[in-house]
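The values are calculated or read from the model by the stated rules, or taken from the named source; none is laboratory data. These numbers come from a predicted model, not from an experiment. So basically every Cβ, Gly included, is an ideal-geometry build from the backbone, and we count neighbours across all protein chains shown. Quick note on the areas: whole protein, heavy atoms, side chains included, nothing else; ligands and nucleic acids left out. Shrake-Rupley method; radii C 1.70, N 1.55, O 1.52, S 1.80 Å.
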Amino acid sequence: MCIGCKACEVACKEWNAVPEDGLDFTAMSFDNSVGLGADTWRHVAFVEQRRPLGHQDPGVGRPAPVDLGMPSLELPGASTGEDGRGEFRWLMASDVCKHCTSAACLDVCPTGALFRTEFGTVVVQQDICNGCGYCVSACPYGVIDRREDDGRAWKCTMCYDRIGDGLEPACAKACPTDSIQFGNLDELRERAASRLEALHGAGVSSARLYGEDPGDGVGGNAAFFLLLDEPEVYGMPPDPVVTTRDLPSMWAHAGVAAVALLVGAAAAFAGRRR
């Protein structure tokens with residue numbers, strides 16, 4: 001489970017040479033990067049809620065902690081009892097490009113700068129991108145973005161160079177809790193379903209998987225998430241749909257309208273000649 005350490009954000013920036021995007025205090029939470037963008041390919045969300053923890057057990061499916069003899073501070077509320085702890089929780093999630101099965105950004109790119117890799121991921125080729133921005137408006141998740149200095153589109157590549165050499169992405173390699181896992185998509189879905197079942201059994205009824213369903217509006221994602229609340233709480237759309245889904249029918253209707261217009265014009269021209 002994500003602990004909000006942001007090791008994935010740092011590893012992503014270091015490996016991919018992603019520019020620093022500001023360390024300003026937002027006054028909203030401990031989240032200083034706010035969201036995904038051209039210079040933030042990994043974003044760890046800190047969602048602070050005035051809500052009881054309920055029956056959540058952070059040790060579900062994990063071995064008991066080992067006492068290393070290190071000095072520690074008293075846990076909040078340990079001496080005040082349960083009634084004095086308040087009702088407060090943090091939800092943390094490491095967001096990234098979803099690498100959709102039906103990727104609208106890829107569909108609308110006029111230069112072929114975006115392509116589907118042999119691993120099923122979607123990558124932008126910056127030497128081909130002309131900065132038109134069509135992909136930015138096409139993404140149903142608001143992931144892809146253009147850099148202000150050069151106007152080209154940038155986003156997560158899932159470390160295409162690393163996985164091509166048999167390595168896992170930098171974010172997964174750096175994650176200390178294995179919250180980010182990389183591997184065969186079917187195996188990951190089985191693992192996530194098992195984890196979800198364990199959470200439900202522990203009383204965390206709000207837990208759900210997001211983006212793992214191949215039958216959803218984007219054909220399923222190569223990056224999916226185990227959430228503890230509604231997707232909107234994490235800033236994710238509840239029911240994403242590929243924005244190019246209706247393009248064939250739109251072109252069909254446009255074609256019919258064009259044919260009708262031509263027929264009408266021809267009829268009017270023929271009528272005048274009489």
### Task
Give me the aspartates and glutamates in straight-line cross-link reach of Lys6: C-alpha distance below 19 Å, same-chain residues under 8 apart excluded.
Glu14, Glu20, Asp21, Asp24, Asp31, Asp39, Glu48, Asp95, Glu168, Asp178
### Query
Evaluated at 37 °C with a viscosity of 0.692 mPa s, what Stokes-Einstein diffusion coefficient in µm²/s does region 105-249 have when Rh comes from the Kirkwood expression over alpha-carbon pairs?
193
### Task
Write out the chymotrypsin sites (Phe, Trp or Tyr not before Pro) in region 1-31 meeting two conditions: DSSP loop, and at most 16 other Cβ atoms within 10 Å of their Cβ.
Phe25, Phe30
### Query
So what are the ³J(HN,Hα) numbers for region 90-103, from phi and the Karplus equation (6.51, -1.76, 1.60; θ = phi - 60°), rounded to whole Hz, Gly and Pro as x?
10, 10, 10, 8, 9, 8, 6, 4, 7, 6, 4, 5, 9, 9
### Message
On a 1.4 Å probe surface of the protein chains, which of Asp95, Asp127, Asp186 comes out largest in accessible area, and what is the full order?
### Response
Asp127, Asp186, Asp95
### Query
With every protein chain present, what accessible area does Phe88 have (1.4 Å probe, heavy atoms only), rounded to the nearest 10 Å²?
90
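I need the GluC sites (Glu not before Pro) found in region 1-49, filtered to DSSP loop residues with at most 15 other beta carbons within 10 Å of theirs.
Of the GluC sites (Glu not before Pro), the ones in loops of region 1-49 whose Cβ has at most 15 other Cβ atoms within 10 Å are Glu20.
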#### Entry: Rg(Cα) / (2.2 N^0.38 Å) computed for region 97-181, rounded to two decimals
1.13
### Query
Amide H to amide H under 5 Å from Cys100: which residues, 5+ apart in sequence or cross-chain, H placed 1.01 Å off N in plane?
Ala222
